[in-house]
Amino acid sequence: MVRASCIFYIVTATMKSYNAILVGNGTMGTRHRARFEACGVRFVQVVDVGDSVCDVPVDFAVVASPATTHYAYAKHFLERRIPVFVEKPLATSAAEAQELVELSQSNGTLLFVAQSECFNPLFLNFRKHFLTELNSLSEHSSVRLEFRREHRYSERCRDVNVSLDLLVHDLGMFFTLFKFEDVEVSGKPVFGTDAVKMCLKVVRGPHKGVEATFCINRNSDVDVRTISVSYGRQEGSPGSDYTVSLARYNDDGEIAHIPDSLENEHRFFLKLLVGACTDWGKRLAQTAADCVKIASRQ
């Protein structure tokens with residue numbers, strides 16, 4: 001989730017021994033723990049929601065608890081100047097998300113939000129080629145994107161609506177392509193507990209005129225994660241519209257987990273932790289807060 005002016009790449013962190021604390025030992029907590037341990041991280045404390053968090057010396061904290069608790073846990077660690085790796089969404093309100101970003105900046109402490117689709121190798125490949133196409137056009141008024149994310153009903157992540165659960169993923173990817181300050185919500189979004197449809201439009205800057213539609217459903221009959229591009233009949237366009245899948249599928253049609261996304265994400269966090277790409281760390285945190293600002297706008 002970086003500004004469009006930056007080149008998005010994945011770096012490999014130097015193997016180093018770290019001590020960490022994990023809050024939330026569910027599905028995502030287990031995945032994060034396994035991948036961090038593979039990078040040399042030792043978890044000295046693992047707690048579930050409601051358990052006391054001991055003030056033990058650690059290099060960073062992983063927060064993978066329910067979304068409604070992210071703000072309180074992240075604030076707890078940032079106030080103690082402990083770097084935080086927190087699952088999406090950063091918080092459940094725009095004000096709380098921005099407060100955490102400002103706290104991390106004032107305390108000089110790393111805040112990283114795990115929106116792993118931004119590190120999905122399928123998305124990174126799409127991003128590279130799409131920006132090359134986009135930058136070759138003299139006008140962008142007819143360029144349209146559609147982000148579609150659907151899956152069958154699940155009991156997971158029911159403490160927040162679909163916008164904070166899933167829409168933030170696609171907003172995060174969108175804001176690696178375009179600047180938040182150049183974008184406005186277009187029309188009236190349709191929000192629901194399990195489905196949302198929203199349109200954004202780039203209203204200023206070099207890509208003015210580009211439109212994007214987000215169609216999200218977590219109670220669907222199908223499993224889909226795609227980005228579609230339409231250039232219309234614009235002169236000088238690449239000449240063809242296309243759709244890219246961000247997922248791989250099992251034989252039964254279910255979406256298969258892509259481990260590279262999480263592995264890339266963890267390595268990048270560890271690189272930030274040792275002081276590399278400092279400005280990127282700040283941009284990533286601010287973009288995560290910006291995603292909450294749009295996703296919580298109802």
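Pick from Glu117, Glu133: which is assigned to a helix (DSSP H, G or I), within 15 Å of Ala295 (Cβ to Cβ) and at pLDDT below 95? That would be Glu117, the only listed residue that is assigned to a helix (DSSP H, G or I), within 15 Å of Ala295 (Cβ to Cβ) and at pLDDT below 95. Scan the stretch 224-232 and tell me whether some residue there is farther than 19 Å from Leu137 by Cβ, assigned to a strand (DSSP E or B), modelled with pLDDT of 95 or more and touching a Ser or Thr at 6+ places or on another chain (Cβ under 9 Å). Yes, the stretch 224-232 contains a residue that is farther than 19 Å from Leu137 by Cβ, assigned to a strand (DSSP E or B), modelled with pLDDT of 95 or more and touching a Ser or Thr at 6+ places or on another chain (Cβ under 9 Å).
Ser142 meets each of the listed conditions (1) out of contact with any helix residue (DSSP H, G or I) (no Cβ under 9 Å at 6 or more places or on another chain); (2) part of a loop (DSSP other than H, G, I, E, B); (3) within 23 Å of Asn217 (Cβ to Cβ) apart from (3).
Scanning the stretch 78-115 for residues that are surrounded by 21 or more Cβ atoms within 10 Å (Cβ to Cβ) and of a type in the set (Gly, Ala, Ser) yields a total of 4. Could you tell me whether any residue of the stretch 207-229 is among the aliphatic types (A, V, I, L, M) and closer than 13 Å to Ala295 by Cα? For the stretch 207-229, residues among the aliphatic types (A, V, I, L, M) and closer than 13 Å to Ala295 by Cα: present. Being farther than 19 Å from Arg152 by Cβ, under 20 Å from the mean Cα position of the chain (by Cα) and β-branched (Val, Ile, Thr) is the filter here; which residues of the stretch 195-236 pass it? Matches in the stretch 195-236: Val202, Thr213, Ile227.
Residues checked against (1) assigned by TED's automatic domain parsing to the domain that holds Leu171; (2) assigned to a loop (DSSP other than H, G, I, E, B):
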position	(1), (2)
Val62	no, no
Thr68	no, no
Ala74	no, no
Phe77	no, no
Gln98	no, no
Thr109	no, yes
Asn125	yes, no
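What's the total number of residues in the stretch 79-92 that are part of a helix (DSSP H, G or I) and in contact with a His (Cβ under 7 Å, 6 or more places away or on another chain)?
Final tally of qualifying residues: 0.
Taking each residue of the stretch 190-206 that is in the same structural domain as Arg148 (by TED's automatic domain parsing) and within 14 Å of Asn219 (Cα to Cα) and looking for partners that are charged (D, E, K, R) and buried (at least 17 other Cβ atoms within 10 Å of the Cβ) with beta-carbon atoms closer than 8 Å, six or more apart or interchain, yields Asp194/Arg218; Ala195/Arg218.
Whether any residue in the stretch 155-171 is part of a strand (DSSP E or B) and out of contact with any Phe, Trp or Tyr (no Cβ under 6 Å at 6 or more places or on another chain) is what I want to check.
Taking the stretch 155-171 as the starting set, the residues that turn out to be part of a strand (DSSP E or B) are none.
There is no residue in the stretch 155-171 that is part of a strand (DSSP E or B) and out of contact with any Phe, Trp or Tyr (no Cβ under 6 Å at 6 or more places or on another chain).
Checking every residue in the stretch 57-78 against the condition of being of a type outside the set (A, V, I, L, M) and more than 27 Å from Asn25 (Cα to Cα) gives zero matches. The number of residues in the stretch 42-77 that are among the β-branched types (Val, Ile, Thr), touching an Asp or Glu at 6+ places or on another chain (Cβ under 8 Å) and surrounded by 17 or more Cβ atoms within 10 Å (Cβ to Cβ) comes to 1.
Filtered by the rule that a residue be within 25 Å of Glu263 (Cα to Cα) and aliphatic (A, V, I, L, M), the stretch 50-80 gives Val58, Ala61, Val62, Val63, Ala64, Ala67, Ala74, Leu78.
Can you tell me which of Phe123, Phe178 is in contact with a helix residue (DSSP H, G or I) (Cβ under 7 Å, 6 or more places away or on another chain) and either aromatic (Phe, Trp, Tyr) or without any contact (Cβ under 8 Å) to a residue 40 or more places away in the chain (or both)? Let's see the steps before the verdict.
Working: Phe178 fails: in contact with a helix residue (DSSP H, G or I) (Cβ under 7 Å, 6 or more places away or on another chain).
Among Phe123, Phe178, only Phe123 is in contact with a helix residue (DSSP H, G or I) (Cβ under 7 Å, 6 or more places away or on another chain) and either aromatic (Phe, Trp, Tyr) or without any contact (Cβ under 8 Å) to a residue 40 or more places away in the chain (or both).
The values are calculated or read from the model by the stated rules, or taken from the named source; none is laboratory data. The structure presented is a predicted model; accordingly, all values stated were derived computationally and were not measured. Cβ sites come from the backbone with ideal geometry, for glycine too, and all protein chains shown count toward neighbours.
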